[in-house]
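Below is one structure; the comments refer to it alone.
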Amino acid sequence: MKYDYLIVGSGLFGATFAHLANKQGKKCLVIEKRSHPGGNIYCEEIEGINVHKYGAHIFHTSDKEVWNFVNSIVPFNRYTNCPMAQAPSGKLYNLPFNMNTFYEMWGVKTPEEAHKKLEDQRKDALDKMKSEGISEPRNLEEQALTLIGRDIYEQLIKGYTEKQWGRPCNQLPAFIIRRLPVRLTFDNNYFNDSYQGIPIGGYNKLIDGLLNGIEVKLDTDFFDDRKHWESVADKIVFTGKIDQFCDYRFGKLEYRNVRFETEVLETPNWQGNAVVNYTSAEVPYTRIIEHKHFEMFGDEVYKNPKTVISKEYSSEWDETKEPFYPINDERNQSIYQKYKELADKEKNVIFGGRLAEYKYYDMAPIIQKVKRLFK
Ligand code: FAD
Ligand code: UDP
């Protein structure tokens with residue numbers, strides 16, 4: 001065998017694995033079906049601005065080891081994600097749900113007033129669950145109504161979520177909405193983590209740093225010559241779709257795709273923020289990203305007279321599109337479990353990442369997971 005590891009996919013999982021294996025003196029070959037490395041964190045430079053080609057990516061973690069690791073590859077900046085949301089009424093609200101949001105929604109000025117209002121808002125849903133003898137919310141709608149109440153659910157959650165996932169909120173898993181903090185402080189930081197930021201110079205610096213010194217073959221799909229690729233290394237690290245690896249024998253898993261409409265605008269500062277969500281079901285896109293705000297702060301924004309924005313349209317995945325988000329509803333999870341049982345029997349294959357584990361992974365947990373494999 002020529003290689004110790006054949007790594008299928010050069011996304012964050014594959015690139016981190018290759019980096020750590022290479023450090024241990026293992027010989028790795030990475031194959032990647034796209035024409036660039038990096039998977040969904042890849043950026044494209046337009047008008048001197050790093051454009052997040054597959055959707056906005058903000059690195060965040062409370063794991064100091066992971067933070068130090070990524071910063072040893074490329075230093076990160078101080079970007080702090082504070083998205084805004086435009087509601088169906090046209091009004092702008094701060095996210096995540098915090099005292100600013102509650103003030104904007106109900107005029108409440110103190111945590112005590114907000115707490116009272118939230119109790120009122122949540123009461124109906126909690127009573128309903130109690131009367132039905134249910135202790136845990138069974139779906140996203142129940143979770144949102146019991147967490148934050150009806151006004152915010154209707155203004156800021158329902159429309160956005162149903163656009164994003166293409167399914168009614170009462171058919172989606174509750175955990176999706178538990179990603180968002182709810183706070184009785186005036187704190188617009190979207191994450192509770194100790195560390196967050198964007199690599200200085202963009203995510204490609206992170207990927208290129210991880211893959212430095214490693215052989216990478218682009219435009220190469222594992223499935224175009226599976227027999228050959230299975231013969232080149234002792235072990236395979238597979239980060240593609242697990243259902244495809246198993247010849248779809250239990251049926252196809254579903255994914256969500258996002259289509260991006262990117263425009264260059266002749267203005268230095270178009271929306272004043274990196275992320276503005278549109279929560280109305282009537283607006284066809286879910287959010288607009290203005291990429292320069294990830295890397296330029298304060299007056300720096302005005303040094304470039306142009307800006308680049310991307311509108312994000314969420315859609316169902318098909319073979320012609322990239323699979324972005326796994327849809328972890330009951331049907332898909334039960335299919336995935338069957339594939340996992342088969343995968344567990346493959347002694348020479350490591351399955352990892354969003355597609356191979358069919359998991360709604362953020363970037364930092366991907367790195368944690370790979371690092372654990374090397375411990
Ligand atoms: P991927 O990036 O999907 O990489 C898999 C790679 O394998 C791809 O390059 C693919 O082309 C390649 N591949 C697949 N099949 C084959 C094959 N048969 N042959 C060869 N190559 C193959 N995380 C955060 O922490 N913060 C965020 O703000 C954030 N925002 C996100 C926004 C969007 C729109 C999306 C979709 C994800 C976001 N994430 C975010 C998650 C982040 O993208 C993932 O955690 C991370 O990219 C997963 O890395 P991966 O290697 O598992 O998968
Ligand atoms: N969400 C919402 N309104 C918003 C932002 C998010 O209802 O304005 C919900 C939606 O269901 C989404 C979930 O919260 O899928 C998680 O949001 P997050 O921003 O973490 O999703 P990402 O796109 O980063 O995976």
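A short reminder: the numbers here are calculations on the coordinates, not readings from a lab. Note that the structure is predicted; figures quoted are calculated from it, not measured. Neighbour counts are summed over all protein chains in view; Cβ atoms, including those assigned to glycine, are modelled from backbone coordinates with ideal geometry.
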Of Lys158/Lys311; Lys64/Lys303; Lys252/Lys345; Lys128/Lys158, which sit over 24 Å apart, Cα to Cα? Lys64/Lys303
Estimated inter-spin distance, Lys130 and Lys26, nm [label 7 Å along Cα→Cβ]: 5.4
What aspartates and glutamates could a cross-link reach from Lys375, if we take a straight Cα to Cα line under 14 Å and drop same-chain neighbours fewer than 8 places away? Glu65
Evaluate E = 1/(1 + (r/R0)^6) for Ala281 and Glu346, where r is the Cβ-Cβ distance and R0 equals 45 Å; express this FRET efficiency to the nearest 0.05. 0.55
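Using Cα-Cα distances under 8 Å and only pairs 6 or more residues apart, what relative contact order does the range 288-375 have, in percent?
22
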So which GluC sites (Glu not before Pro) in the range 238-277 are both in a DSSP loop and have at most 11 other Cβ atoms within 10 Å of their Cβ? Glu266
Using only helices, what value at 222 nm comes out for the chain when you add -39,500 (n - 2.57) per DSSP H run of length 4 or more and divide by the total residues, to the nearest 500 deg cm²/dmol? -9000 deg cm²/dmol
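Considering Cα pairs under 8 angstrom that are at least six residues apart, work out the relative contact order of the chain and quote it in whole percent. Spell out each step's value before the answer.
Numbers: 708 pairs, mean separation 98.1, N = 375.
Rounded, it is 26 percent for the chain.
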Flagged as over-length at 28 Å C-alpha distance, from Lys33/Lys371; Lys23/Lys338; Lys91/Lys205, the pairs are Lys23/Lys338; Lys91/Lys205
Expected output is a single nm value to one decimal: the length gained when fully extending between Phe223 and Asp247, i.e. 0.36 nm times separation in residues minus the C-alpha distance. What is it? 7.6 nm
For Asp187, residues with placed amide H under 5 Å, excluding near neighbours: Met99, Asn100
Cα gyration tensor of the range 139-224, axes a ≥ b ≥ c as square roots of the eigenvalues: rounded (a/c below 1.5), prolate (a/b > b/c) or oblate? oblate
For the range 176-290, rounded, prolate or oblate, judged on the Cα gyration tensor with a ≥ b ≥ c (square roots of eigenvalues), a/c < 1.5 rounded, else prolate if a/b > b/c? prolate
Which aspartates and glutamates, on any chain, are close to Lys163 with Cα under 19 Å apart, when same-chain ones fewer than 8 places away are left out? Glu141, Glu142, Asp151, Glu154, Glu254, Glu261, Glu282, Glu312, Glu316, Asp318, Glu322, Asp329
